[in-house]
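A.B. asks: Could you have a look at this structure, given as structure tokens, before my questions?
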Amino acid sequence: MKIGILAVQGAFAEHEQMLEQLGAEYIELRKGEDVRQSYDGLILPGGESTVQGKLMRELDMFDTIQSQIKNGMPVLATCAGAILLAQQLSNDAATHLATLPAVVRRNAYGRQLGSFSVDEQIEGIGTFPMRFIRAPYIEKVLDDTKVLAKVDGNIVMVENKNQLAMSFHPELTSDTRIHEMFLKKI
Ligand code: GLN
């Protein structure tokens, strides 16, 4: 089993460390030819979604990644990654991969005071330490997207078939359960 990690910007190294701990192989996706290699799952890390979206297009990765997800490849998206997946952004006219039936709000907690940690329940996992950094939240789920976690009434984690997206950063904690949940989908 091999995971492709989008590695053009943001917190991809922390996801790599998680996968190393779990004994899963990975490759970094940095350019067009990388996304045309063979791998079984995708990770879209946190960072800056506008920059990541622009680089995916400029580096000729966008169409291939989009069709891999549409064709059912399991994807784990954290923070900016969730913004890349959203079918609609409530406060930005641009969308990116747009494969996840959900409306996402960028910087939903404000830009400066947007970093905090909280322990909350995730369906199928239990209490999880959630770390938020200038995070989005999911304003609305569409179609058959399932809510897996909420914080203060706001949706922070969802699942739609092969797509698992969250506002927070499990890769910045020592808790590997979300990555294990993702690897089980492969
Ligand atoms: N605010 C960032 C964005 O809009 C996401 C923040 C993050 O990934 N930690 O892309």
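No lab work stands behind these numbers, since they all come straight from the coordinates. In this text, all values refer to a predicted model and were calculated from it rather than measured experimentally. All Cβ positions, glycine included, derive from the backbone under ideal geometry; neighbour counts span all protein chains shown.
A.B. asks: How large, in Å, is the stretch 70-118 by the Kirkwood hydrodynamic radius built from its alpha-carbon pairs?
C.D. replies: 11.8
A.B. asks: Moving on to the next point. Output wanted: per-residue J couplings in Hz (rounded whole) for the stretch 65-79, from phi through Karplus 6.51 cos²θ - 1.76 cosθ + 1.60, θ = phi - 60°, x for Gly and Pro.
C.D. replies: 4, 4, 6, 4, 5, 4, 7, x, 5, x, 9, 10, 10, 10, 6
A.B. asks: A follow-up question, please. Once you put a point 7 Å from the Cα of VAL147 and another 7 Å from the Cα of ALA98, both along the Cβ direction, what distance in nm separates them?
C.D. replies: Rounded to a tenth, the inter-label distance reads 2.6 nm.
A.B. asks: Distance cut-off 28 Å, Cα to Cα: go down the list LYS31/LYS140; LYS2/LYS150; LYS54/LYS161; LYS54/LYS150; LYS146/LYS184; LYS54/LYS184 and report the pairs above it. Could the numbers behind the result be given before it?
C.D. replies: Details: LYS31/LYS140 33 Å; LYS2/LYS150 30 Å; LYS54/LYS161 26 Å; LYS54/LYS150 30 Å; LYS146/LYS184 18 Å; LYS54/LYS184 31 Å.
Violating the 28 Å limit, Cα to Cα: LYS31/LYS140; LYS2/LYS150; LYS54/LYS150; LYS54/LYS184.
A.B. asks: Based on the Cβ-Cβ distance from VAL118 to ILE27, what FRET efficiency comes out when R0 is 35 Å, to the nearest 0.05?
C.D. replies: After rounding to 0.05, the efficiency reads 0.60.
A.B. asks: Using a simple spin-label model with points 7 Å from Cα along the Cα→Cβ vector, what separation in nm is obtained for GLU180 and ASP40?
C.D. replies: Using points 7 Å along Cα→Cβ, the separation is 1.8 nm.
A.B. asks: Which peptide among 16-27, 86-97 comes first, and what is the full order, when sorted by highest mean count of other Cβ atoms within 10 Å?
C.D. replies: 86-97, 16-27
A.B. asks: What is the Cα centroid distance between the stretch 35-111 and the stretch 142-186, reported in whole angstrom?
C.D. replies: With the stretch 35-111 and the stretch 142-186 each reduced to a Cα centre, they are spaced 14 Å.
A.B. asks: Label points 7 Å out from Cα along the Cβ direction at LEU59 and GLU20: separation in nm?
C.D. replies: 2.0
A.B. asks: Which of LYS54, LYS184 comes first, and how do the rest follow, when ranked by fewest Cβ neighbours within 10 Å?
C.D. replies: Ordered from fewest to most neighbouring Cβ atoms within 10 Å, LYS54, LYS184 come out as LYS184, LYS54.
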